[in-house]
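Asker: Take a look at this one; I'll ask things after.
The values are calculated or read from the model by the stated rules, or taken from the named source; none is laboratory data. Nothing here was measured: the structure is a model prediction, and the numbers come from that model. Because the Cβ atoms are built from the backbone with ideal geometry, glycine has one as well, and the counts that use them run over all protein chains shown. Surface areas here come from the heavy atoms of the whole protein model, side chains and all, with no ligands, DNA or RNA. Shrake-Rupley method; radii C 1.70, N 1.55, O 1.52, S 1.80 Å.
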Amino acid sequence: YGERGVTADTGNPMPSATLTSTAVSVTTPGDVSITAYAVNTVGFQWQSSTDGEEWVNLKGQVSKTLERFYPHTAGTAGTYYYRVLCAGWLGVVPSESIAVSVAYAIPTVSIEASAEHVPNAGTVTLTASGQYADSYEWEVSRNNSEWVSLGISSQVASIKYTAEDGGEYFYRCIASGLGGQTASEAVKIIVTVP
């Protein structure tokens with residue numbers, strides 16, 4: 001080419017990739033998909049990091065898309081960094097990293113009462129149900145604003161009333177889990193005075 005005054009520009013044949021993610025913030029249980037849009041690349045190796053500096057190869061993750069699932073278990077929440085090594089004819093080049101922030105789901109809780117009206121005396125069973133809760137704590141109030149613990153730590157609370165226990169009672173359940181605490185809506189029980 002030089003003798004005829006012609007030059008050729010072969011471009012940049014180094015491998016490279018741009019990463020896109022279906023989410024940068026995930027709530028457990030949840031998943032994310034990260035895709036590498038690569039040029040001049042014949043092979044991939046995905047890597048992960050907890051600090052964005054020290055990288056570990058993800059065994060068997062050699063396609064252009066990385067699928068990750070984050071379970072709702074202790075130790076899952078945090079920030080994860082991912083990148084892909086792009087192998088091409090002129091070497092191996094890491095992509096820019098992408099961060100995924102993982103948070104625990106906040107517990108949910110609702111309660112049901114076996115009865116809303118107790119004539120004179122009797123027993124009411126309160127049952128809590130929800131998701132992502134590891135423990136339950138029952139509270140009572142006479143005015144629906146000042147709450148006192150009943151000392152019951154289970155999903156079911158049985159409340160016995162006598163003839164002297166007339167009036168209105170409000171009950172709620174506090175559900176605790178990896179994502180924090182949540183209070184249920186209160187239920188009102190009316191105990192009739194004889």
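Asker: Restrict the search to segment 77-125; then list the GluC sites (Glu not before Pro) that DSSP places in a loop and that have at most 14 other Cβ atoms within 10 Å of their Cβ. Let's see the in-between values first.
Answerer: Numbers: sites: Glu96, Glu112, Glu116; in loops: Glu96, Glu116.
Here the sparse-neighbourhood loop sites are Glu96, Glu116.
Asker: Mind ordering 48-59, 25-36 by average Cβ neighbours within 10 Å, highest first?
Answerer: 25-36, 48-59
Asker: For an R0 of 35 angstrom, estimate the FRET efficiency from the Cβ-Cβ distance between Asp51 and Ala183 and round to the nearest 0.05.
Answerer: 0.45
Asker: Still on this structure, please answer the following. Can you tell me the accessible area per residue over segment 109-194, all protein chains present, probe 1.4 angstrom, in square angstrom?
Answerer: Accessible surface, normalised per residue, equals 55 Å².
Asker: Can I ask one more? Specify which labelled value, from [x] 19.0; [y] 21.4; [z] 20.1, agrees with Kirkwood radius over Cα pairs in Å derived from the coordinates of the model shown.
Answerer: This structure yields the entry labelled [y].
Asker: Starting from the amide H of Val118, placed 1.01 Å from N in the peptide plane, find each other amide H under 5 Å away whose residue is 5 or more places distant or on another chain.
Answerer: Counting only residues 5 or more places away or on other chains, the set is Ile190, Val191, Thr192.
Asker: Moving on. Given Cα pairs under 8 Å that are at least 6 residues apart, what percent is the relative contact order of segment 62-194?
Answerer: Over segment 62-194, the number comes to 25 percent.
Asker: Amide H of Gly88: which non-local residues (sequence gap of 5 or more, or other chain) have their own amide H closer than 5 Å, using H built in the peptide plane?
Answerer: Placed amide hydrogens put Val42, Val93 under 5 Å from Gly88.
Asker: To continue, here is another question. Give me the percent of accessible area attributable to carbon and sulfur for the chain, probe 1.4 angstrom.
Answerer: 50 percent
Asker: What's the extension gain from Leu90 to Lys59 if we count 0.36 nm per residue and subtract their Cα-Cα distance? If you can, show how the numbers build up before the last one.
Answerer: Details: separation 31, 0.36 × 31 = 11.16 nm, distance 2.36 nm.
That works out to 8.8 nm of additional length.
Asker: So who's got an amide H within less than 5 Å of the one on Asn144, skipping anything under 5 residues away but keeping other chains? H placed 1.01 Å off N, in plane.
Answerer: Phe170
Asker: Extending each Cα 7 Å along its Cβ direction at Ala103 and Ser153, get the distance between those two points in nm, one decimal.
Answerer: If labels sit at Ala103 and Ser153, their model points lie 2.7 nm apart.
Asker: How high is the FRET efficiency between Phe69 and His117 when r is their beta carbon distance and R₀ equals 35 Å, given to the nearest 0.05? Each step should come with its number before you reach the end.
Answerer: Values: r = 47 Å, r/R0 = 1.35.
Plugging the Cβ-Cβ distance into 1/(1 + (r/R0)^6) gives 0.15.
Asker: In whole Hz, with x marking every Gly and Pro, tabulate ³J(HN,Hα) for segment 89-102 from phi via Karplus 6.51 cos²θ - 1.76 cosθ + 1.60, θ = phi - 60°.
Answerer: For segment 89-102, the Karplus curve yields 5, 9, x, 10, 10, x, 7, 5, 8, 10, 9, 10, 9, 10 Hz.
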